[in-house]
1. Could you calculate the FRET efficiency of residue 265 with residue 409 from 1/(1 + (r/R0)^6), where r is the beta carbon distance between them and R0 is 41 Å, rounded to 0.05?
2. If you stretched the chain out fully between residue 233 and residue 373, how much longer would it get, using 0.36 nm times the residue separation minus the C-alpha to C-alpha distance?
3. Around residue 64, which amide H atoms from residues at least 5 apart in sequence, or from another chain, sit under 5 Å from its own amide H, with H modelled in the peptide plane?
4. List, in order, the whole-Hz ³J(HN,Hα) value for each residue of region 245-255 obtained from phi through the Karplus relation with A = 6.51, B = -1.76, C = 1.60 and θ = phi - 60°; use x for Gly and Pro.
5. From the phi of every residue in region 77-92, what ³J(HN,Hα) in whole Hz does the Karplus formula 6.51 cos²θ - 1.76 cosθ + 1.60 yield, where θ is phi - 60° and glycine or proline is x?
6. Antiparallel as a % of all DSSP beta bridges within the chain, to the nearest 5?
7. FRET efficiency for residue 348 and residue 113, Cβ-Cβ distance as r, R0 = 35 Å, nearest 0.05?
8. Peptides 191-198, 401-408: what's the order by average Cβ count within 10 Å, highest mean first?
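The numbers here are math on the coordinates, done by the rules we state, and not lab data. The structure presented is a predicted model; accordingly, all values stated were derived computationally and were not measured. All Cβ positions, glycine included, derive from the backbone under ideal geometry; neighbour counts span all protein chains shown.
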Amino acid sequence: MDEGRRTVMTAPVAAAPSTADACAGATPSAAGRVLRAEIAVVGAGPAGIAAASRAAEAGRDVVVLDASPRPGGQIWRHRRREELPAQARAWLERFDRSGARLIAGAQVVDAWRAAEFRLLAEVDGERLEVAADRVILATGARELFLPFPGWTLPNVFGVGGAQALVKSGASFAGKRVVVAGSGPLLLAVGATLASRGARVVVVAEQAGRGALARFGVALLGSPGRILQAARLRSQLGGARYAVGCWVTRADGDGVVREVTLTDGRRSWTEPCDVLCTGYGLVPNTELAEMLGCVVDGGRVRVDEWQRTSVAGVYCAGEPTGIAGVDAALAEGEIAGLHAAGKIVPAGDVRRLFAIRRREHRVARAMERAFAPRAELRDLPRDDTILCRCEDVTRGMVDPAWSFRQAKLYTRIGMGPCQARVCGPACEFLFGWRGQTTRAPTVPAAVGTIAGGPEDTAGVA
């Protein structure tokens, strides 16, 4: 792509036009201008798509900001829409028709409230500021990585990262793959990799049989999920599904060559070319914190209408708790309808509230079943990297410190990822809490952070 050209798309999605096409009356050099809307939605995953669609259908002027080149989020990441399940295609088509505008490739790096809410984004290295009366945060989640010796070797991927690579066209064909960690995503990724020609050796689930049995009981009211799990298990081919089993180390000569697994009684090695590992998801709450929203237990606190503690700010999907795509869609619809200021039809209220209740009940059972076991805290050795950005090892920190002390003494958590990886890991390992959120939320150009708007451009 040529320098200075933006990847901005409007719904319906066609060829990527310039920012001028997204801003009525704007010039092609719209950097530094303020884009105005009644409702700004951050995130174009299922929750953001549902929220934007319902708000725009209610007649509101809606702008959606998303860092990816096309809508769908991580779960609906795609190159061609025909690759997606029917539910995803239906929602994306509805989003196209709604009139909501998508600004793709927009990474939001700051948020604050002045006379109205302001969102500062970077689009292709240029500054874009969005002013809105109301904001809906649908910022999704990221993977939880727990350190062990060798976890930073090349060809060690996050489980979700491996899935995203496959959806983006990467090939694992012929590669020996070990999938290890915790949660239903292990089965899904193992099945996906096997279907694309990978030689999946083992799927190692750290949760024990008792925990999985209790989770199965909780799913008795959701037979579709049980059938889906059975189907994914059958798609693993000859791969073994080992429960109560986890990775203790990875070894290799420049890239991963083998992993050591244990069930707590015995240990063994498995040769592999790729290790996919992860222990669930962590809600992305940074923008909510910047806007002053209350965050409890790592989740944004919301009421029955998905309103946060800050008037005018809504939150939907995984930032409020990891509960799956159906919960995200329901929460997005609720937030979009309420933010639009319309009376929500009683039928919508009953349907959406029931879905949300059901999905969160399952989510609570899933959280209990797949909680990381205590033995994982003992895996890092003194030379095991904790913070990849600043090369901080386990031996450089004292568990008796606070996270703030560790930052001052070692710079842990002060790199480009702003503790997104090491923060949750250290919370699990040492119980450290309270890592601060500051702008920019991700690395951004100095001009984006320091530059100011020249004038304003309204959104028709």
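1. That gives a FRET efficiency of 0.60.
2. Full extension of this stretch gives 48.1 nm more.
3. 41, 101, 102, 103
4. These are the phi-based 3J(HN,Hα) values: 9, 8, 7, 9, 6, 10, 9, x, 9, x, 9 Hz.
5. Per-residue couplings from phi come out as 4, 7, 9, 10, 4, 5, 6, 7, x, 4, 4, 5, 4, 4, 5, 5 Hz.
6. Working: 33 of 72 bridges.
Antiparallel bridges make up about 45 percent of those DSSP assigns within the chain.
7. According to the calculation, E is roughly 0.75.
8. Highest to lowest by the protection proxy: 191-198, 401-408.
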